[in-house]
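Undergrad: The following block contains the structure, expressed as structure tokens.
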Amino acid sequence: MWLFDLDNTLHDASHAIFPAINRLMTAYVARVLGCDEATASRVRVDYWQRYGATLLGMIRHHGVDPADFLRAAHEFPALADMVRVRRGLAAHLRRLPGRKILVTNAPQDYARAVLEIAGIRHCFERVVAIEQMWVHGHLRPKPDRRMLRRLLVQARIAPHRAVLVEDTVSHLKRYAGTGIRTAWVTGYLRTIAPSRPHEVPAVRDDGSRRDAAVRSTLEAEDRRHVGHAAQEQSVTLVAAETQAPQAQPGHVPRVRARVPNRPAYVDIKVQSMHQLQRRMRRIGS
Ligand SMILES: [Mg+2]
């Protein structure tokens, strides 16, 4: 059984989608905080540094609904123009023997829309999106092990009979001890380092006023903080944020990542689905 990630595994999300998600996240934060985008972006940097994701800070300090946040961050009126897939993707997937499930930390509507546009919806027996990743009342996105174990039990498949196909190497690493096999897709990686929320090109001021604005926003939040510790522990990652290149609006980095050698916990390293299919044919199923 193949468990496929979506963004930057089956299509190029670094090109247009991740930068757009990044901008939508900043706009969402600005809306909730009632501040301008420059302040919102700095608050995001702070949350990213403190909690590992904007969403975690937004849950902790503002009690936002994760589903609402992620839906707002994935609203693309012109999605069809933003999805980039390599030619022959559907055929390569079809030629891979075995069952296929899509497992993405993105919302369901977005995932299904991308699959439709890419012409590969029919390749998957099931789409497991962020909405399906609640385990015992906690949101457990990739790389949570409980979520994956439950998925394998539901699919009635032993871990060693499953292959996770992903571009995010930290996910593969986290799952390494579970017995599942791993394929690392590197063809769409533009940068290795995790991104931070983009810096909005700010009004040039002396810096202190700007920092004071961020500080006062954060202090106001701390005063309002009512404690969402349980929820905070439960959300581990937001995909777009940890993979997206540092994007400025209107500027998409073209630099291809210098991909390091295959780590020990990665079973197969490939650039594309075409290469994966060729490699599997050579190895035999
Ligand atoms: Mg991905």
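The values are calculated or read from the model by the stated rules, or taken from the named source; none is laboratory data. Not measured: the values here are computed from a predicted model. So basically every Cβ, Gly included, is an ideal-geometry build from the backbone, and we count neighbours across all protein chains shown.
Undergrad: Being more than 16 Å from the ligand (Cβ to nearest atom), buried (at least 24 other Cβ atoms within 10 Å of the Cβ) and basic (K, R) is true for just one of R23, R44, R112, R71. Which residue is that?
TA: R44
Undergrad: Residues being surrounded by 14 or more Cβ atoms within 10 Å (Cβ to Cβ) and either within 22 Å of the chain's Cα centre (by Cα) or part of a loop (DSSP other than H, G, I, E, B) (or both): count how many of those fall in region 91-100.
TA: Qualifying residue count for the region: 4.
Undergrad: If Y28 satisfies every condition in (1) in contact with a helix residue (DSSP H, G or I) (Cβ under 9 Å, 6 or more places away or on another chain); (2) over 30 Å from R161 (Cβ atoms); (3) surrounded by fewer than 21 Cβ atoms within 10 Å (Cβ to Cβ); (4) modelled with pLDDT of 95 or more but one, which is the exception?
TA: Exception for Y28: condition (3).
Undergrad: Give me a count of the residues in region 47-64 that are modelled with pLDDT of 90 or more and over 26 Å from N8 (Cα atoms).
TA: Final tally of qualifying residues: 4.
Undergrad: Take the conditions surrounded by fewer than 20 Cβ atoms within 10 Å (Cβ to Cβ) and modelled with pLDDT of 95 or more and apply them to I157. Does it pass?
TA: yes
Undergrad: Let me ask something else about it. What number of residues in region 139-189 are within 16 Å of the ligand (Cβ to nearest atom), in a loop (DSSP other than H, G, I, E, B) and farther than 19 Å from R262 by Cβ?
TA: Final tally of qualifying residues: 3.
Undergrad: For the structure I just gave you, tell me whether A113 is more than 17 Å from the chain's Cα centre (by Cα) and outside any loop (DSSP other than H, G, I, E, B).
TA: For A113, the condition - more than 17 Å from the chain's Cα centre (by Cα) and outside any loop (DSSP other than H, G, I, E, B) - is not met.
Undergrad: Still on this structure, I have one more. Give the residue, chosen from V32, V85, that is out of contact with any Pro (no Cβ under 9 Å at 6 or more places or on another chain) and within 20 Å of L189 (Cα to Cα).
TA: One residue alone meets the criteria, V85.
Undergrad: Still on this structure, I have one more. Taking the condition within 16 Å of the ligand (Cβ to nearest atom), out of contact with any strand residue (DSSP E or B) (no Cβ under 6 Å at 6 or more places or on another chain) and at pLDDT below 95, does A106 pass?
TA: Here the answer is yes, as A106 does meet what is asked.
Undergrad: Could you check region 47-68 and list, in sequence order, the residues that are among the hydroxyl-bearing types (S, T, Y) and surrounded by fewer than 21 Cβ atoms within 10 Å (Cβ to Cβ)?
TA: Y51
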